[in-house]
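The values are calculated or read from the model by the stated rules, or taken from the named source; none is laboratory data. Since the structure is predicted, the reported quantities are computational estimates derived from the model, not experimental observations. For neighbour counting, all protein chains shown are included, and Cβ atoms are generated from backbone atoms with ideal geometry for every residue, glycine included. These accessible areas exclude ligands, DNA and RNA; they are computed on the full protein's heavy atoms, side chains included. Shrake-Rupley method; radii C 1.70, N 1.55, O 1.52, S 1.80 Å.
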2 protein chains.
Amino acid sequence: MSAHGPWGPLPLPAFLQRRAFSKTRTKGLQLDDVNPHVRNAQYAVRGELAIKSEQYRAQLHRGEGKQLPFDSVISANIGNPQQLDQQPITFFRQVASLLENPLLLEKEDVLKNSLGYKPDVIQRARKLLDDVKSVGAYSQSQGAPGIRQSVAEFIERRDGYTADPANIYLCAGASSGVNALMTVICATPQTGILVPIPQYPLYTATLSLLNAQLVPYYLDESRNWGTSVESIKTALQEAKGRGVDVRAVVVINPGNPTGGSLIAEDITAVLEMAAQEKLVVLADEVYQTNVFEGKFLSFKKCLRDLQKSKKNSDGRFDNVELASLHSISKGMIGECGHRGGYYEMVGFDPEVVAQIYKFVSIMLCAPVIGQCFVEMMVNPPREGEPSYQLYKKEYDTIYQNLHDRARALYAAFRDMEGVECQNPQGAMYLFPKVRLPRKAIDAAKKAGKSPDDFYCLEMLDATGICTVPGSGFGQEEGTFHFRTTFLAPGVDWVDRIAEFHKKFMDQHR
Amino acid sequence: MSAHGPWGPLPLPAFLQRRAFSKTRTKGLQLDDVNPHVRNAQYAVRGELAIKSEQYRAQLHRGEGKQLPFDSVISANIGNPQQLDQQPITFFRQVASLLENPLLLEKEDVLKNSLGYKPDVIQRARKLLDDVKSVGAYSQSQGAPGIRQSVAEFIERRDGYTADPANIYLCAGASSGVNALMTVICATPQTGILVPIPQYPLYTATLSLLNAQLVPYYLDESRNWGTSVESIKTALQEAKGRGVDVRAVVVINPGNPTGGSLIAEDITAVLEMAAQEKLVVLADEVYQTNVFEGKFLSFKKCLRDLQKSKKNSDGRFDNVELASLHSISKGMIGECGHRGGYYEMVGFDPEVVAQIYKFVSIMLCAPVIGQCFVEMMVNPPREGEPSYQLYKKEYDTIYQNLHDRARALYAAFRDMEGVECQNPQGAMYLFPKVRLPRKAIDAAKKAGKSPDDFYCLEMLDATGICTVPGSGFGQEEGTFHFRTTFLAPGVDWVDRIAEFHKKFMDQHR
């Protein structure tokens, strides 16, 4: 295995050296052997803070937390509504129970009279069983055709433009759709994708895994975290200058972690730029029903509007490639654990879509019961149908609670020294900016932490509230933020944050 | 964007050329832009034949198939039991219906009296809800702790050796576990993994996606597709010789597509080689209950036996790294659509396990209802419990039907001219070898198909039965096989194959 050059043995090539070293080691696989792209990937939403918060929770659960300065752990780090006591919507779960046990359908009378299953519940279960045959069977890799049809009809009702079920892919939550799309796009180590900063770390983590280039563009905090096309163009030029082959642009609307909601002008500007630069648009629209101000506007609708407009006299918008994603995990449905979602691919070359199909087929199919939840999300009970009233009440209550808590948090942040927060517009998050005193920054340095990590760790230790430091999403150099969901029940915990913040500032002033 | 050398403009680097070309094209993303590792990946189980069979099925469904020589399509290409009328096991589905709609638990009386839900069904649902809180909430990325505990207890009962829930990862079907493990292992384009040939194409497809090296080793068809360590060693040496850094060995037991079941000596020999060569062992044991001959023996048990044996006096087996996978999709449970499974990581460096954890956390968690099915699979009703009798009856009936059909197919294959088939030992497949006449091989060539593709396409066109050509799994050069499941109800369709085969042979003699 050794070779000789003119001045003695030549060093072995790196990968053979590794094997050679490993002979003196106990394990075949150690950290430095692991795929470097996995090692480089970062995913803060479930990182150090989340793990520490789980330890606190376990400690309290075992009755060993008496010396802790809090009596409950609040997971404000992750959008997981049903872990935080949000009740699932009855209609969805009644149908799901029939899908799991179709023998119940033979007892229609019992269901109706003793269990309160309305006729539309039973009817929907029959329709979905017709679509999938059994929730225990693999579906087509793209998703069950009948469900994709429902999704297409939903998109048409939402946007006023037709959608083709052949272009709709059901997936195991939007994350899995993003993974498929980005895997197909990232062809070389020079391939780049424009990603907003701050962003949901799925995007940067996936770029790391795929060994492709992150091309960050900054959102405009002063404009409620709006998308500035100038900032995208600057990032694009800079990336091109360093030889990056930029192929796509990600937009998250409503924003995660920012909670911002884009106006029509911002969306149109992104589409215009995408047309000009031949970039694929990846529109992460999983928070499309979590909108507190104005009305959600989809990229698909804006694209179709543009295609019909005078601006398209030269056909420049005809070939824009847009993939837009939706999910059952967010909105008022909040069925994260069922891992369901879809993406619509508009304007893609059919040969490219065929590669997506092959890629997703390797993992066989998205969870079929999750597919059924997608169908129910896009096609909920309608006015006049037996389950409508209860559905509407549950939906509105969840929406109202989210909005109330968002406002309570916002009000608290506005009153906190050195904290700035944008008006809550949508999604499930607030992303306040904290001006940290020099002494706090020094203390963080001493603790070997970034200042925002330090702040969030101190908050967790003092209050039991788990948030995510801004560095997990990206933020402008020298600024510090944290993300909190507004899912935890009640608003009392908001006071815990305010109290902690006051003490923290006093201590480090 | 152009540069000048001493003799005029230099050619642009390849990735910039691509951008330059694309300006004259309509789409930003065309086939030649797509990730080449995706383009190179092959996944025959859901390939051309499967798509054509779906077209036939749709044609028949629309009543337009009168001119077809068959009146039904039989999907023998994929192990999807519930698509082929296998009934789900009642206990599992009753519990699942309560998990989906926990409000039913408040009507215990109705359930018991009118719907036949036994007390252990209700008790299990309560236990699982305690484990996960809601099936609509994300669990820990590794899987719900209570469910991992059940899996550990199952492994202990099965093997007689303890298992640690901390080493158990719940996943969205075994495919997703294989993906996580291989992603972490495949560090460089020189990294190689030993994969049996024939194999389930997930392995080769994943290696393509990860841009790593397939190191094929041949199974011994003459010995019921047993694992020959000599053949593995030959493959390993050959790979090392061409600079491949071999890091792991995949074993599928019982075998897919072969239907073979390994004897203890074969398993031990693989573990001995893995210890010597410091290879990670990936044991795909998803068919562990689909065993018709003898008793399933796990890699974990064999490893622990070895570690206790005299052979381990120098501690050589102490550090073997073994990941073994199981799934709810196969066995008698057959809940493919729920995407559930687990893998146990034995002997891995904790830092490596931490990288796995981070990787799986990017996709948040495995479907939670699928996790609950894993729990029920490993912890089914026991003798004396109210649901046991029905469970046992359903389980045994499915097992018996599978075995009967396997034998009927085997008998038919043995009677067919030029066909050789190994005795069915396990899994859900037979993988007969067909000696094709020269004229058939010429006809295939003329049609631009490989001979086994041609044979399977002709079979589909003549009978409506969809199988997978041997080339989709790999086979020794110059031999031709096809894989068929024995899941389709009844045995009449077996005659369709025999009849087709006779005609095919006569035609091409």
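Where does the stretch A:313-388 land on Rg/Rh, using Cα atoms and the Kirkwood Rh?
My calculation puts Rg/Rh at 1.10.
Whole number in Å², please: accessible area per residue of the stretch B:90-156, 1.4 Å probe, ligands, DNA and RNA not counted.
Details: 2310 Å² over 67 residues.
Here the per-residue accessible area is 34 Å².
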**the stretch B:138-378 - Debye-derived log10 I(q)/I(0), Cα point model, q = 0.07, 0.13, 0.14, 0.18 Å⁻¹** = -0.20, -0.75, -0.89, -1.54
**Fill in**
Copies of A:Pro119 compared via label points 7 Å along Cα→Cβ give distances in nm, shortest first, of 4.0
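Any idea what % of Cα-Cα pairs in the protein assembly as shown are farther than 47 Å? Working shown, then result.
Numbers: 147582 of 517653 pairs.
Value for the protein assembly as shown (Cα pairs over 47 Å): 29 percent.
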**Prompt:** For the peptides B:411-423, A:26-38, B:185-197, what is the packing order when you average, over each peptide's residues, the other Cβ atoms within 10 Å and list the highest mean first?
**Reply:** B:185-197, A:26-38, B:411-423
**Asked** Quick one: Kirkwood hydrodynamic radius for the stretch A:57-165, alpha-carbon pairs, angstrom, one decimal?
**Response** 17.8 Å
**Message:** Give the average, rounded to an integer, of partner chain Cβ atoms located within 10 angstrom of each Cβ in A:269-279.
**Reply:** 1
**Asked** Which far-off residues, 5 or more places away or on another chain, put their amide H under 5 Å from the one on A:Glu335, with H placed in the peptide plane?
**Response** A:Ser329, A:Lys330
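Quick one: accessible area per residue over the stretch A:325-471, 1.4 Å probe, rounded to a whole number of Å²?
Working: 4950 Å² over 147 residues.
On a per-residue basis, the stretch A:325-471 sits at 34 Å².
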**Prompt:** What residues have an amide H closer than 5 Å to that of B:Val249, excluding those fewer than 5 places away on the same chain, when H is modeled at 1.01 Å from N in the peptide plane?
**Reply:** B:Leu194, B:Val280, B:Val281, B:Leu282
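Take every residue in peptide B:244-253, count the Cβ atoms of other chains within 10 Å of its Cβ, and give the average of those counts.
On the way: counts 1, 8, 2, 6, 2, 0, 0, 0, 0, 0.
Averaged over the peptide's residues, the number is 2.
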**Prompt:** Sorted by average packing, counted as other Cβ atoms within 10 angstrom per residue and highest first, what order do A:96-103, A:304-311, A:150-157, B:326-333 take?
**Reply:** B:326-333, A:96-103, A:150-157, A:304-311
**Prompt:** Where does each of A:61-72, A:380-391 land if you order them by average Cβ count within 10 Å, highest first?
**Reply:** A:380-391, A:61-72
**Request:** Rounded, prolate or oblate: pick one for the stretch B:121-221, where a ≥ b ≥ c are the square roots of the eigenvalues of its C-alpha gyration tensor, a/c under 1.5 means rounded, and failing that, prolate if a/b is larger than b/c, else oblate.
**Result:** prolate
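Using the Cα atoms of the stretch A:309-460 to build a convex hull, what is its mean projected area in square nanometres?
Details: hull surface 66.1 nm².
Its average projected convex-hull area is 16.5 nm².
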**Prompt:** Can you list residues whose amide H is under 5 Å from A:Tyr217's amide H, if they're 5+ apart or on another chain and H is modeled 1.01 Å from N?
**Reply:** A:Val195, A:Ile197
**Fill in**
Looking only at lysines whose Cα falls under 27 Å of B:Lys66's and that sit 8 or more positions away or on another chain, we get A:Lys133, B:Lys52, B:Lys502, B:Lys503
**Message:** Could you compute how much accessible area chains B and A hide from each other, both sides summed, with a 1.4 Å probe? Nearest 100 Å² is fine.
**Reply:** 9100 Å²
**Alpha-carbon centroid distance for the pair the stretch B:490-509 / the stretch B:396-447, whole angstrom** = 11 Å
**Request:** Kindly write out, for the stretch A:28-37 in residue order, the coupling ³J(HN,Hα) from the Karplus curve 6.51 cos²θ - 1.76 cosθ + 1.60 (θ = phi - 60°), rounded to whole Hz, with x marking Gly and Pro.
**Result:** x, 10, 10, 3, 6, 8, 5, 2, x, 6
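Which order do you get for A:Lys446, B:Lys112, A:Lys278 if you rank them by accessible area with a 1.4 Å probe, largest at the top? Please report the intermediate quantities before stating the final value.
Working: A:Lys446 185, B:Lys112 80, A:Lys278 50 Å².
My answer, sorted largest first, is A:Lys446, B:Lys112, A:Lys278.
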**Asked** Inter-copy label distances at B:Ala447, 7 Å along the Cα→beta-carbon direction, one decimal in nm, shortest first?
**Response** 7.0
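What is the mean number of Cβ atoms from other protein chains located within 10 Å of the Cβ atom of each residue in peptide B:203-211, rounded to a whole number?
Working: counts 0, 0, 5, 2, 0, 1, 4, 3, 1.
Taking all residues of B:203-211 together, the mean is 2.
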**Fill in**
Residue-ordered couplings for the stretch B:242-255, obtained by feeding phi - 60° into the Karplus form 6.51 cos²θ - 1.76 cosθ + 1.60 and rounding to whole Hz (Gly and Pro as x), are 9, x, 7, 9, 6, 10, 7, 10, 8, 10, 10, 9, x, x
**Message:** Please compute, for the alpha-carbon atoms of the stretch B:370-476, the extent along each of the three principal axes and give them in descending order in Å.
**Reply:** 62, 32, 27
**Asked** At a probe size of 1.4 Å, how large is the accessible area of B:Glu277, to the nearest 10 Å²?
**Response** 30 Å²
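Within the accessible area of the protein assembly as shown, what % is carbon and sulfur when the probe is 1.4 Å and the other protein chains stay in place? Working shown, then result.
Numbers: 19880 of 38880 Å².
Looking at the protein assembly as shown in its full context, I get 51 percent from C and S.
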**Item:** Equivalent ellipsoid, chain A (semi-axes from 5 times Cα gyration tensor eigenvalues, Å)
**Value:** 37, 32, 27
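Looking at the protein assembly as shown, what % of its DSSP beta bridges pair antiparallel, to the nearest 5?
On the way: 44 of 86 bridges.
The antiparallel fraction comes to roughly 50 percent.
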**Asked** To the nearest 10 square angstrom, what accessible area does A:Met345 show with a 1.4 Å probe?
**Response** 10 Å²
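Rounded to the nearest 20 Debye, what is the dipole magnitude of the protein assembly as shown about its Cα centre when Lys and Arg each give +1 and Asp and Glu each give -1 at the C-beta? Don't skip to the answer; put the middle values down first.
On the way: 114 positive and 116 negative charges, 223 e Å.
With Lys and Arg at +1 and Asp and Glu at -1, about 1080 debye.
To the nearest 20 debye, what is the magnitude of the charge dipole of chain B about its Cα centre, counting +1 on the Cβ of each Lys and Arg and -1 on the Cβ of each Asp and Glu? Display every interim value, and only then the final one.
Numbers: 57 positive and 58 negative charges, 228 e Å.
Charge dipole, chain B, about its Cα centre: 1100 debye, nearest 20.
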**Request:** Can you list the distances in nanometres, one decimal and ascending, from the A:Thr162 label point to the identical position in each other copy, with the point 7 Å along Cα to Cβ?
**Result:** 6.5
**Fill in**
Taking max minus min of the Cα coordinates of the stretch A:195-276 on each principal axis, largest first, gives extents in Å of 31, 27, 20
**Item:** Largest-first principal axis extents of the Cα set of the stretch B:428-495 (Å)
**Value:** 35, 25, 17
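Rank these by accessible area, largest first, 1.4 Å probe: B:Glu108, B:Glu238.
On the way: B:Glu108 60, B:Glu238 95 Å².
Ranking B:Glu108, B:Glu238 by accessible area, largest first, yields B:Glu238, B:Glu108.
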**Request:** Rounded to the nearest Å, what's the spacing between the alpha carbon centres of the stretch B:179-212 and the stretch B:239-299? Just the number, please.
**Result:** 15 Å
